[in-house]
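J.: Encoded as structure tokens, here's the structure I'll be asking about.
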Amino acid sequence: MKEMIYADALALAICEALETDPAVTLINASYGGLTPQRACYNVIRERFADRIVDSPIAELGFCGIAVGAAMTGLRPIVGISTGAFSFEAWPQIINEAAVACYGSAGQVTAPVVFHMLTGIRGAGAVQHSHATQAMFCNAPGLQVVMPSSPADARGLMLTCALHSRNPTVFIDHQRLQATTGMVEEKITPIPLGVAEVKRVGNDVTLVAVGIMVPRALEAAEILAREGISVEVVDPRTLVPLDKKTILASVAKTGRAVVADESQLTCGVAAELAAVIAEEGFHSLKAPIRRVGIPNVPVPCHQDEEEFITPSTDKLVDAVRAVCGRTVN
Amino acid sequence: MSVSAETAIRNLKMMLTIRRAEEKVISFATEHTGLIRGHYHVYIGQEASGVAACNALGPKDYVFTTHRNHGHVIARGGELGRVLAEIIGRSDGYNGGRGGTFHVIAPHLGILQTSGVVGGCMPLAAGAAFSIKTRKTDQVSLVFFGDGSMEEGAFYESINMAALWKLPVVFVCENNGAPLASRKGGEIPSNSLNAKRLIDIPMALGIPSVIVDGADMEACDALMKDVVAGVRSGGGPAFVESRITRWPGNAAAFPVLHGGAWRIDWAFDPGNAPAPLQDWLSHSDPLALYMRDCVARGVVTRADLDRMDAAVVAQVNEAAAFAVASPPRKAESALEHVFA
């Protein structure tokens, strides 16, 4: 094991995928977007320039080209950069890639990875801060992957790029790029649909995805000092979803807070809460709480942006509330 | 210029097969309640460009098409029974009945998607060509679409990248709104696309682009062979506008067979045909024109054509019986194949 920053781990995974399988092809290599860590991805171009094609500003076209290439033997990883740009490509991702297998009754597959940088990034304003995960979860046929750590980013990318037969939306949060964590020395793909308990606890299950995982771990630390033992469960992939691990944790703790940095209405937290309510209701000692973004676009102004961000403090308050503690 | 008698007869038979199969599809929709539930699109009147394009392709090439795909799949060698079974949602259909009329997909024929979304297949076809170029094979990718697709952004983005990256893709626009007078060339004013000629758009991006009379089987055949060969030899993408005068039965929201099934004697005596068809039969029906041409050249006789038709009709009837007898798709299979 060695310590790495998230961007380096993801760049490593992409290099490992390129090295392992000649069918892996990159359409754009802008995996770091405009984040301070963007230079971490230069290694890909230094080593594999001939495996990268830089496209015009044409998301609809190049996402569709990736789907057609994936139908015919390549394994493209597409850099969409900012997640909101995927909206330009919606017809090809939602109405071609996602339905190729189903429409052909399993005969045609499109193993393409759509990589995008999402979330509240600090002054992304109304058009560059979207959470796209819930939207993609509503399009059956797409795998939706949301890593929260360097090891998960690498392991999930390896699985999607090298082994999956299905299209994947790889949702990377802008603010995870600089986070650090331990990463295996050897190539270690992580299977889809396997959640990880990131911290063991007994009183409350905190299901958190993506950027909410480091915030949840921070909240758990604060709450431990108050005598509340929080179990942090990270689904890691939203489609497929590891319901079993989530429900087993709720059965143990009897309380659940679900957290995702997207708007609350029909969001990922809503779906997770519904799963727990439908299949784990009898374990619950208190109503489920959701933590997400209120139903507003993401503003540019720093104070406004922070006001709507599902922060560590909001998680702490939600956990206290389900435990019957006073909320500050 | 003319092709061998053998080729001409093969072309005639394929065009006739498509026409009779499409008439069967119309009868499924109009005479058999429930066999086709929604709307559907037929290829009658467009047979020449589809048959010609598929003649020019090799077995390993890729074909992408649209909601008006039946003729393309048949021209590509699709088994009639399995095509008709797919159209009516039966388990012997090419997608086990999952796809229906809009989405007859046959991967073993290189037909990987038939998108019901206008413009949906153009990026996919460019993507297959990108894959060909990356894998360094000698395949080509060919995509059929209507003139309406050129109003979509997907078209512009696809032709731009295809041209930039010199992808081996043939864009075949079947413009089925072409008036007789301009079918061989010239300008076609359109109220939905502000270009004097459709080919001006790809030509602006440096893509070799040609207009062909979509009612002229042998002109289509010769042109498609040239175009596909050029693309296969690494020349980058090409664009073909096949100008087609619309079959009068296609004027309504749902296809209408004026006077019933098409008749060979109408081809030779359009004055005896139902009034709405006369002009089309005289000047624009690729099958009528080609039959008259082949008889005039002595390639076939009227009697040969009648025998050919009887054989084709028998084959289509047999295929239809196979399709109708095929078990419907099971309801619970709706949950299958979301993922591979």
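The values are calculated or read from the model by the stated rules, or taken from the named source; none is laboratory data. Note that the coordinates shown come from a computational prediction; the quantities given were computed from them, not determined experimentally. Heads up, the Cβs are rebuilt from the backbone with ideal geometry, glycines too, and the neighbour counts pull from every protein chain shown.
J.: From A:THR109, A:THR118, grab the single residue that is farther than 30 Å from B:ILE87 by Cβ and either of a type in the set (S, T, N, Q) or not assigned by TED's automatic domain parsing to the domain that holds A:ALA9 (or both).
T.: Being farther than 30 Å from B:ILE87 by Cβ and either of a type in the set (S, T, N, Q) or not assigned by TED's automatic domain parsing to the domain that holds A:ALA9 (or both) holds for just one of A:THR109, A:THR118, which is A:THR118.
J.: What helices (runs of 4 or more DSSP H), lying completely within segment B:151-258, carry at least 2 residues that are in contact (Cβ under 8 Å) with a residue 24 or more places away in the chain and surrounded by 22 or more Cβ atoms within 10 Å (Cβ to Cβ)?
T.: B:153-164, B:217-230
J.: I'd like the full set of residues that are closer than 19 Å to B:PHE145 by Cα and aromatic (Phe, Trp, Tyr), limited to segment B:158-189.
T.: B:PHE171
J.: Against the conditions (1) part of a loop (DSSP other than H, G, I, E, B); (2) within 13 Å of chain B (Cβ to nearest Cβ), where does A:ILE120 fall short? Just the number, please.
T.: (2)
J.: Of the conditions (1) on the phi < 0 side of the Ramachandran plot; (2) out of contact with any helix residue (DSSP H, G or I) (no Cβ under 8 Å at 6 or more places or on another chain); (3) of a type outside the set (A, V, I, L, M, F, W, C), A:GLY227 clears all except one; give me its number.
T.: The single condition A:GLY227 does not satisfy is (1).
J.: So if I check each of B:THR30, B:THR7, B:THR17, which one is out of contact with any helix residue (DSSP H, G or I) (no Cβ under 9 Å at 6 or more places or on another chain) and assigned to a helix (DSSP H, G or I)?
T.: Residue meeting the stated conditions: B:THR30.
J.: Of all helices (runs of 4 or more DSSP H) completely enclosed by segment B:56-136, which ones contain at least 2 residues that are at the interface with chain A (Cβ under 7 Å from one of its Cβ atoms)?
T.: It comes to B:121-135.
J.: Still on this structure, I have one more. Among the strands (runs of 3 or more DSSP E) lying completely within segment A:214-328, list those that include at least 1 residues that are surrounded by fewer than 23 Cβ atoms within 10 Å (Cβ to Cβ).
T.: A:256-263, A:289-293
J.: Among the residues of segment A:140-158, write down those that are surrounded by 22 or more Cβ atoms within 10 Å (Cβ to Cβ), outside any loop (DSSP other than H, G, I, E, B) and not small (Gly, Ala, Ser).
T.: A:GLN143, A:VAL144, A:VAL145, A:PRO150, A:ASP152, A:ARG154, A:LEU156, A:MET157
J.: Which residue, of B:ASP304, B:ASP265, B:ASP309, B:ASP285, is under 26 Å from B:ILE88 (Cα atoms), more than 14 Å from chain A (Cβ to nearest Cβ) and among the charged types (D, E, K, R)?
T.: Every option except B:ASP309 fails the conditions.
J.: Surrounded by fewer than 24 Cβ atoms within 10 Å (Cβ to Cβ), among the hydrophobic types (A, V, I, L, M, F, W, C) and at the interface with chain B (Cβ under 7 Å from one of its Cβ atoms) - does that describe any residue in segment A:80-92?
T.: Within segment A:80-92, none of the residues are surrounded by fewer than 24 Cβ atoms within 10 Å (Cβ to Cβ), among the hydrophobic types (A, V, I, L, M, F, W, C) and at the interface with chain B (Cβ under 7 Å from one of its Cβ atoms).
J.: Which one is surrounded by the fewest Cβ atoms within 10 Å (Cβ to Cβ), of the residues in segment A:31-79 that are more than 14 Å from chain B (Cβ to nearest Cβ) and in contact with a Lys or Arg (Cβ under 9 Å, 6 or more places away or on another chain)?
T.: A:LEU34
J.: Please go through segment A:160-185 and pick out each residue that is more than 14 Å from chain B (Cβ to nearest Cβ), of a type outside the set (Lys, Arg) and either part of a strand (DSSP E or B) or within 15 Å of the chain's Cα centre (by Cα) (or both).
T.: If the condition is that a residue be more than 14 Å from chain B (Cβ to nearest Cβ), of a type outside the set (Lys, Arg) and either part of a strand (DSSP E or B) or within 15 Å of the chain's Cα centre (by Cα) (or both), then A:PHE170, A:ILE171, A:ASP172, A:HIS173, A:GLN174, A:LEU176, A:GLN177, A:THR179, A:THR180, A:GLY181, A:MET182, A:VAL183 are the ones that fit.
J.: Filter segment A:242-293 down to the residues that are out of contact with any strand residue (DSSP E or B) (no Cβ under 7 Å at 6 or more places or on another chain) and acidic (Asp, Glu) and list them by number.
T.: If the condition is that a residue be out of contact with any strand residue (DSSP E or B) (no Cβ under 7 Å at 6 or more places or on another chain) and acidic (Asp, Glu), then A:ASP242, A:GLU271, A:GLU278, A:GLU279 are the ones that fit.
J.: Assuming B:SER49 fulfils every condition listed in (1) out of contact with any Ser or Thr (no Cβ under 6 Å at 6 or more places or on another chain); (2) of a type in the set (Gly, Ala, Ser); (3) crowded, with 24+ Cβ neighbours inside 10 Å; (4) closer than 26 Å to B:LEU287 by Cα apart from one, which condition is it?
T.: Single failed check for B:SER49: (1).
J.: Quick one: would you say A:THR188 is over 29 Å from A:ALA89 (Cα atoms) and assigned to a strand (DSSP E or B)?
T.: no
J.: For A:THR188, state whether it is under 22 Å from A:PHE114 (Cα atoms), modelled with pLDDT under 95 and of a type in the set (Ser, Thr, Tyr).
T.: yes
J.: One residue is enough: does segment A:131-139 have a residue meeting the conditions farther than 26 Å from A:PRO214 by Cβ, modelled with pLDDT of 95 or more, assigned to a loop (DSSP other than H, G, I, E, B) and at the interface with another protein chain (Cβ under 9 Å from one of its Cβ atoms)?
T.: no
J.: Could you tell me how many of the residues in segment B:137-150 are buried (at least 24 other Cβ atoms within 10 Å of the Cβ) and not in a strand (DSSP E or B)?
T.: Number satisfying all stated conditions: 2.
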